[in-house]
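Here the structure is laid out as structure tokens; the discussion comes afterwards.
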Amino acid sequence: MAEKGTVVLGVDPLVIQDHYEIDYRHSYAEDSPFFVGLSKGKLLGSRCTKCGYVYATPRSHCMECGAPTAWHELPLRGSIHTFTTCHYGGEAFLKETPFTLILVEFDGANTLFLSRLKGIKPEAVRIGLPVAARFAKMPSFKVTDVWFEPADPHPPLPPAP
Amino acid sequence: MIGGGITKFAKVHPDKDFRLMVKEAYDYAFREIPRFTKDMIDGAVGSYFSDHFTRQLKAASMVQDYLGLCPKPSKRIEGGGATGGLCFQSAWEAVASGRMNCCVAFGFETMSRVNTWKGNEFIALASDTNFDFPVGGFYSGYYAMMVQRHMHEFGTTVEQMAMVSVKNHANALYNPYAQKAKKLTIKQVRESPMVATPLTMEDICTMSDGAAVCLLASEEVAAKVCERPVRIAGVGSGSDAMRMADRPHGKVILLPHEQESDYAQLKYPGVHSFRGGRTAAKLAYQMAGIRNPMEELSFVELHDAYTSSEIQTYEDLGLCKYGEGGRFVESGSPFMPGIDYGMTLPKQGRLPVNPSGGLLACGHPVGATGLMQAVFAFWQLQGTTNQHLGNPTLQVKNARRGLIHSHAGTGTYITVSILEAV
């Protein structure tokens, strides 16, 4: 490959462009079943095998008592605990703005889940709004394989087979 | 503390690398203590937040040799936004434990090396990269969600948040080290571009290049070389779960002047409060013997990365009860006395918060920020603000005891240190 020239951005002081990129071999390790679950239309949290604390974002050991947790299937409906609409973002997400972030509450879970809210005008978003999970047809094995939409106008779809 | 120095915080310092920025602040710290010499230094602690911004691992080693401190002991401290506060406490530990008689704490950040949005991405890597970052990794988004809940729980308003912005930017008009001093109105704050509802550009601190240095010493060394040393009377720190979504909804951690009945209905900390900040404050108050911070502090320099987090932090520090942060700023209590902010403030100046202008106006070169707060607090307690800032406006009258507060992530590491005039 031909060597590219150096991009000089300034001369006094001398400023050059310095490029850097890298691919990681990234393992989801003990959290893997959560990401596989998304591809099957399931939202998996964790339930402590000792104290019963239920985590809406999974973790394999309980933060409260330290015991191992078991996988716990969450309901596919919840409600908005809090929200924001982002008009700017990190560079990776700038092209997706504006997007709405929500923390979702589920019946029977002690903690929350961070996700995107789609299918609603930002001005209509409010705390307490019932929302339903939607899953990507083509999974990318990222947490964004699930997102939420308002539950009421569109009853939740059954999980993908 | 026997000396402190800072560089001017700026959007970009292309003519100085991080070593030279620290050197400037370091030399400044020596200015008022001619009897103090380099051979009295036993070691150093360096702080910078992001290897992504620096892209030079072991950058603190390069500062160590640039300052001529080799082969003395040295290490780097990193803890997100609280990097500077943790560095300060680490240097304090070195002296308080008796390991060193004098320890240098230096910090810096060079955030201008990438564009603002890449910088936002780097910062968001300090959120869970499996569960949080891919959803739209953006700290302003996280803080916006927190304050939406704060508004829902307590009735906090965007105008109250804007008052914090007006205050801190106006204070900075008298601080030549600040990056972004200006006279604003509540209306201008609200009309500036929306970043993440309800936070606008003027609700959010800016990225910055800068450095800060603190010289900490034993009482014995301090008495020998410094006419007006400042005592570090209390330190505390706390933490919370990395993911905001994992925060519990339980009982409030109480300060001595509070009772459980104050918070019968409140689920805590949820996402509206920082139990790490409350824990840090509680430990620091215990050590310094403070029972009612509002009555016993002269000023506070706290980590106002967002106007909303300044309001949240008033509550964590017990300057008011949980839920009263919005009304606290509306009362005028955290404003400086004697400055015209263009609004009516019935209790103006009861306990000035961020007289320096805070992160909102000074800028937030992460590894330097917590040390910058210590330097401003040092000058306040020495009564030398006029000499260092070139005007007396920001000098808190009879400043006896100040609090500095440094904060990381969505509240994952937080430090509180109490400094006292001697």
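Below, the figures for the structure above:
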quantity: Odd one out for B:M207, checked against (1) open to solvent by less than 10 Å² (accessible area, probe 1.4 Å); (2) hydrophobic (A, V, I, L, M, F, W, C); (3) part of a loop (DSSP other than H, G, I, E, B); (4) within 14 Å of chain A (Cβ to nearest Cβ); calculated: (1)
quantity: Residue within segment B:356-363 that is closer than 22 Å to B:S208 by Cα, part of a helix (DSSP H, G or I) and touching a Cys at 6+ places or on another chain (Cβ under 6 Å) present; calculated: yes
quantity: Extreme residue, surrounded by the most Cβ atoms within 10 Å (Cβ to Cβ), among residues of segment A:12-29 that are within 11 Å of chain B (Cβ to nearest Cβ) and not in a loop (DSSP other than H, G, I, E, B); calculated: A:V15
quantity: Scope segment A:96-110; condition among the β-branched types (V, I, T) and either under 29 Å from A:S46 (Cα atoms) or at the interface with chain B (Cβ under 7 Å from one of its Cβ atoms) (or both); matching residues; calculated: A:T100, A:I102, A:V104
quantity: Selection status of A:L76, within 10 Å of another protein chain (Cβ to nearest Cβ), closer than 29 Å to B:M146 by Cα, modelled with pLDDT of 95 or more and surrounded by 17 or more Cβ atoms within 10 Å (Cβ to Cβ); calculated: no
quantity: Residue satisfying all of: in segment B:29-56; among the basic types (K, R) and out of contact with any Phe, Trp or Tyr (no Cβ under 8 Å at 6 or more places or on another chain); nearest to B:S406 (Cα to Cα) among these; calculated: B:R31
quantity: Residues of segment B:265-303 classified as modelled with pLDDT of 95 or more and outside any helix (DSSP H, G or I), total; calculated: 20
quantity: Filter pass, B:K38 being among the basic types (K, R), at pLDDT 95 or above and surrounded by fewer than 22 Cβ atoms within 10 Å (Cβ to Cβ); calculated: yes
quantity: B:I339, sole failed condition from (1) β-branched (V, I, T); (2) over 20 Å from B:R190 (Cα atoms); (3) buried (at least 24 other Cβ atoms within 10 Å of the Cβ); calculated: (3)
quantity: Test result for B:V166, open to solvent by less than 20 Å² (accessible area, probe 1.4 Å), in a helix (DSSP H, G or I) and either touching a strand residue (DSSP E or B) at 6+ places or on another chain (Cβ under 8 Å) or free of Cβ contacts under 8 Å to residues at least 40 places away in the same chain (or both); calculated: no
quantity: Among residues of segment B:309-323, those that are outside any helix (DSSP H, G or I) and either of a type in the set (S, T, N, Q) or touching a Ser or Thr at 6+ places or on another chain (Cβ under 9 Å) (or both), counted; calculated: 4
quantity: Residues of segment B:1-52 satisfying the condition of being touching a strand residue (DSSP E or B) at 6+ places or on another chain (Cβ under 6 Å), under 30 Å from A:H19 (Cα atoms) and among the small types (G, A, S); calculated: B:A10, B:G46, B:S47
quantity: Residues that are touching a Leu at 6+ places or on another chain (Cβ under 9 Å), assigned to a loop (DSSP other than H, G, I, E, B) and polar (S, T, N, Q), drawn from segment B:383-422; calculated: B:T393, B:Q395
quantity: Residues within segment B:123-159 that are within 7 Å of another protein chain (Cβ to nearest Cβ), open to solvent by 10 Å² or more (accessible area, probe 1.4 Å) and not in a loop (DSSP other than H, G, I, E, B), tallied; calculated: 4
quantity: Qualifying residue in segment B:67-77 (condition: open to solvent by 10 Å² or more (accessible area, probe 1.4 Å), farther than 28 Å from B:S331 by Cα, of a type in the set (G, A, S) and not in a helix (DSSP H, G or I)); calculated: yes
quantity: Whichever residue in segment B:228-251 is among the aliphatic types (A, V, I, L, M), away from chain A (no Cβ under 14 Å) and buried (at least 20 other Cβ atoms within 10 Å of the Cβ) and, among such residues, is nearest to B:Q286 (Cα to Cα); calculated: B:V235
quantity: Yes/no for A:F93 being assigned to a strand (DSSP E or B), within 16 Å of the chain's Cα centre (by Cα) and at the interface with chain B (Cβ under 7 Å from one of its Cβ atoms); calculated: no
quantity: Residues of segment B:93-122 that turn out to be more than 9 Å from chain A (Cβ to nearest Cβ) and either surrounded by 20 or more Cβ atoms within 10 Å (Cβ to Cβ) or part of a helix (DSSP H, G or I) (or both), as a count; calculated: 16
quantity: Count of residues meeting criterion [closer than 30 Å to A:R47 by Cβ and either crowded, with 21+ Cβ neighbours inside 10 Å or at the interface with chain B (Cβ under 7 Å from one of its Cβ atoms) (or both)] in segment A:79-90; calculated: 5
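Yes or no, residue by residue, for (1) charged (D, E, K, R); (2) within 14 Å of chain A (Cβ to nearest Cβ); (3) over 30 Å from B:M207 (Cα atoms); (4) within 24 Å of the chain's Cα centre (by Cα):
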| site | (1), (2), (3), (4) |
| --- | --- |
| B:L20 | no, yes, no, yes |
| B:K23 | yes, no, no, yes |
| B:A29 | no, no, no, yes |
| B:P34 | no, no, yes, no |
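The values are calculated or read from the model by the stated rules, or taken from the named source; none is laboratory data. Predicted model only: the values in this text are computed from it and were never measured. Virtual Cβ from ideal backbone geometry, glycine too; neighbours counted across all protein chains shown. The accessibility values were calculated without ligands, DNA or RNA, using every heavy atom of the protein model including side chains. Shrake-Rupley method; radii C 1.70, N 1.55, O 1.52, S 1.80 Å.
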